[in-house]
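The values are calculated or read from the model by the stated rules, or taken from the named source; none is laboratory data. All of these numbers come straight from a predicted model, not from anything done at the bench. Here the Cβ positions follow ideal geometry from the backbone for every residue, glycine too, while neighbour counts run over all protein chains shown. Protein only, heavy atoms only, side chains kept; ligands, DNA and RNA dropped before computing areas. Shrake-Rupley method; radii C 1.70, N 1.55, O 1.52, S 1.80 Å.
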Amino acid sequence: MGTSEVTEARRLRVWALAQALKSHGYAVEVAESLPLLAVPAAFGEPVAVRCDQRAVCGGELWFVFGGGGAIAPADDAHLADVVVAVKGKLAAQVDG
């Protein structure tokens with residue numbers, strides 16, 4: 001897969017995650033030029049999630065929190081896991 005295909009695949013995975021989060025009632029902001037989304041938090045910083053290739057996984061696409069920390073593979077089978085992780089991160093900010 002060439003660089004442009006990987007970039008497009010990363011954007012599509014972020015879009016799919018954004019749709020999943022929206023279906024749970026979250027406002028989601030998707031970056032236009034990067035495979036990145038942000039979920040505004042009631043308190044504190046927005047929760048940012050990127051889609052990146054992980055070298056330790058043979059270049060497989062993974063969702064990663066903006067500040068670092070792998071979440072799960074960026075595929076349909078793991079979208080629910082990523083939604084739960086984002087919800088957990090937002091709840092942790094509220095609980096402080």
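Run the numbers on the chain and let me know its relative contact order in percent, using alpha-carbon pairs under 8 Å that are six or more apart.
RCO, the chain: 20 percent.
Give, rounded to the nearest 20 debye, the magnitude of the charge dipole that the chain has about its Cα centre when Lys and Arg contribute +1 at Cβ and Asp and Glu contribute -1 at Cβ.
The dipole of the chain has a size of about 100 debye.
Full-extension gain between PHE65 and LEU34, please, as 0.36 nm times their residue separation minus the C-alpha to C-alpha distance.
9.8 nm
Once you put a point 7 Å from the Cα of HIS24 and another 7 Å from the Cα of LEU12, both along the Cβ direction, what distance in nm separates them?
2.3 nm
For region 8-96, what is the accessible area per residue in Å² when the probe is 1.4 Å?
55 Å²
Say each of GLU5 and ALA80 gets a label point 7 Å from the Cα, pointing the same way as Cα to Cβ; how far apart are those two points in nm?
In this crude label model, GLU5 to ALA80 measures out at 3.1 nm.
As an exercise, take the mean of 1/r over every pair of distinct alpha carbons in the chain, invert it, and state the Kirkwood radius in angstroms.
For the chain, the Kirkwood estimate is 13.4 Å.
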